[in-house]
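Worksheet: the structure to be examined is printed underneath.
Laboratory data are not the source of any read-out in this text; all were calculated from the coordinates shown. None of these values were measured; they are calculated from a predicted model. FYI the Cβ positions are ideal-geometry reconstructions off the backbone, even for glycines, and counts take in every protein chain you see.
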Amino acid sequence: MRHAELSVTPAGAAPVGVADRVLARMFGASLDRQLAAGQAAESDRLLAARAQRIVSLPWREALARDWEHLLEVAHRAPTPAVPLCRDRIASAEPGIRELIACLRTPLPVPAQGVAAASVLLTDATGPVYHRRSRSALGDLLGNAIAQLDPARPLLPHG
């Protein structure tokens, strides 16, 4: 079985259906935050549908490209349209590049790590965009990288 076909369903539930996948897209950001925080994908149909989507290689490749784009924009002259914490991004560039490599691995990775990478990139109140964020970008990157380790169990032990 290829990793993109990993089937995650809530215990005792029917397989994730089309309606679940549509709803999981609509509530993607919220579901990503739940997955990143460690909520088990198989605990809920929408979390399961979201996890199935984000662990796919095409999804992870797109997320890796988004991180690369962030680095490109951070190295350009500042503009008011893109409020980035450029100094934080510059100092965290080695970690960002490691995260990009982890996202591109062809091996299966846990949804928690992919979700953590996505939340970190898109959270307007986080250390990438918000100067007053108390979270350390390097620490959050390290956590996402650790969660992307292909040696970690894809599903929690019951």
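Calculate the dipole size of segment 20-64 relative to its Cα centre from +1 charges on Lys and Arg beta carbons and -1 charges on Asp and Glu beta carbons; express the result in debye to the nearest 20.
My answer is approximately 100 debye.
Compute the acute angle (0 to 90°) between the alpha-carbon long axis of helix 111-122 and the principal axis of greatest extent of the alpha-carbon atoms of the chain; round to the nearest 10°. Tilt of helix 111-122: around 30 degrees.
Quick one: if the Förster radius is 30 Å, what FRET efficiency do residue 76 and residue 132 give, using the C-beta to C-beta distance and rounding to 0.05? With a Förster radius of 30 Å, E is 0.85. Only Lys, Arg, Asp and Glu carry charge here, each on its Cβ (+1 for the first two, -1 for the last two); on that basis segment 54-147 has a dipole of about 200 debye about its Cα centre.
Charge tally for residue 147 (other residues, Cβ to Cβ under 15 Å; Lys, Arg +1; Asp, Glu -1): -1.
Quick check: net charge around residue 110, other residues with Cβ under 9 Å of its Cβ, Lys/Arg +1 and Asp/Glu -1?
That works out to 0.
Charge tally for residue 86 (other residues, Cβ to Cβ under 11 Å; Lys, Arg +1; Asp, Glu -1): +1. Shape descriptor for the chain: Rg over Rh equals 0.99 (Cα atoms; Rh from the Kirkwood inverse mean 1/r). Taking all Cα pairs closer than 8 Å and separated by 6 or more residues, the relative contact order of the chain comes to 25 percent. Rounded to 0.05, the FRET efficiency of the residue 69 and residue 43 pair, given R0 = 35 Å and the Cβ-Cβ distance, is 0.60.
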